[in-house]
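The values are calculated or read from the model by the stated rules, or taken from the named source; none is laboratory data. Just so it is clear, the structure is predicted and the values come from calculations on it, not from any experiment. Glycine also receives a Cβ, built like all others from the backbone with ideal geometry; neighbour counts cover every protein chain displayed. Note: areas computed on protein heavy atoms with side chains; ligands, DNA, RNA excluded. Shrake-Rupley method; radii C 1.70, N 1.55, O 1.52, S 1.80 Å.
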Amino acid sequence: MVGAGWVTQYHLPGWLAVDGAEVVAICDPDRDAAAARAEAFGIGARFDTIEAMLEGTELDALDICSPRQHHAPHIRAGAERGLALLCQKPLGVDLAEAEALVAETRGRVPLMVHENWRFRPYYRRLGSWLREDLIGEIVSIRFEFHSSGMLPGPDGLRPALVRQPFFRSLDRLLVMEVLIHHLDTLRFLFGEFDLVAARLGRSNDEIIGEDSAILTLARRGDGVPLSISGNLAVHGAPPAPADRLCIHGTAGTILLEGADLRLVGKHPLHEAFDPGESYQAAYGAAIRHFVEQTRSGAAFETGPEDNLETLRLVEGAYALSGFEARMR
């Protein structure tokens, strides 16, 4: 495992659940973080650098969980060793870096982008309802991701920055770090979209990137409209954001509220999922998919070429909006 940061607390339980797989080494320049993860999850070897880990252990694969500015060099290091690679999103700091990386590694090694949101159980169930054509022809799609996490709480602290302090330093925050998951999931559910309009904004001086985004998209082929509203500074919203997705069809409507999934129409359906279990299950399912496809040689659902489609929408949001980070 490359990196011992926040996200690895979810990756490592996912690996523990895979038969025949073992995390044998972890590296991070923060020795205390690497030691803590190694001790908590029974990892035998720990290193300061990826170079030392590659030299000091015999590996089949790398799970790259480092910050996104390190993804490209860490992928290249693993590719040089011929290892199967699972890399947290995004592949690069921007579309250009990702495109260059995909061209460079194409056909050399198995490479999967760890886009786990689409693997959440309620999105997999929603996908099955759509494949069963339970709501007829889709008329419109609306998605919201709202929270009050960027608003100061009673203690004066912003909950979103307490939970993920690195948000402060991201020049591309909401779209590149968070809504990228939803763009990928919406592509998984409905197919490809073209971006029509984008407006990004920043609510406070503790961050340099954007924490609000309004995106308008149209599905390729039939023009079905998709509206996306993401905002981490909404008064009255809970500090922890939750997905809200509404799909209107000619024969029914599908509503997702957090982890509660409903179909309203002639044949109503309802399933409630446990939010915490679903969150961890998505990591486990993505890792299991990586292992199964690597073993069989089959294509990854979230391979690099597929991920470039998501990154093109992300890049388009910044270009169309004209948003620029406020550098300190």
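Details
- Sole exception among (1) open to solvent by less than 10 Å² (accessible area, probe 1.4 Å); (2) not in a helix (DSSP H, G or I) for residue 82, by number: (1)
- Total residues in segment 142-156, condition touching a residue at least 12 places away in the same chain (Cβ under 8 Å) and farther than 18 Å from residue 175 by Cβ: 3
- Residue pairs meeting the criteria (Cβ under 8 Å; at least 6 apart or on separate chains; first over 16 Å from residue 170 (Cβ atoms) and touching a residue at least 60 places away in the same chain (Cβ under 8 Å), in segment 79-98; second open to solvent by less than 50 Å² (accessible area, probe 1.4 Å) and part of a loop (DSSP other than H, G, I, E, B)): 84/109; 98/90; 98/91; 98/92
- Number of the exception - residue 92 against (1) surrounded by 16 or more Cβ atoms within 10 Å (Cβ to Cβ); (2) not in a loop (DSSP other than H, G, I, E, B): (2)
- Filter pass, residue 46 being in contact with a strand residue (DSSP E or B) (Cβ under 6 Å, 6 or more places away or on another chain) and either over 24 Å from residue 304 (Cα atoms) or surrounded by fewer than 19 Cβ atoms within 10 Å (Cβ to Cβ) (or both): yes
- When the criteria are applied in full, residue 67 meets the requirement of being of a type outside the set (D, E, K, R) and at pLDDT below 95.
- Yes/no for residue 181 being at pLDDT 95 or above, surrounded by fewer than 20 Cβ atoms within 10 Å (Cβ to Cβ) and within 21 Å of residue 91 (Cα to Cα): yes
- The lone exception for residue 72 - which of (1) over 29 Å from residue 277 (Cβ atoms); (2) open to solvent by less than 20 Å² (accessible area, probe 1.4 Å); (3) not in a helix (DSSP H, G or I) it fails: (3)
Here's the yes/no breakdown for (1) within 16 Å of residue 282 (Cβ to Cβ); (2) buried (at least 22 other Cβ atoms within 10 Å of the Cβ); (3) within 24 Å of the chain's Cα centre (by Cα):
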| site | (1), (2), (3) |
| --- | --- |
| 2 | no, yes, yes |
| 9 | yes, no, yes |
| 19 | no, no, no |
| 27 | no, yes, yes |
| 31 | no, no, no |
| 34 | no, yes, yes |
| 40 | no, no, no |
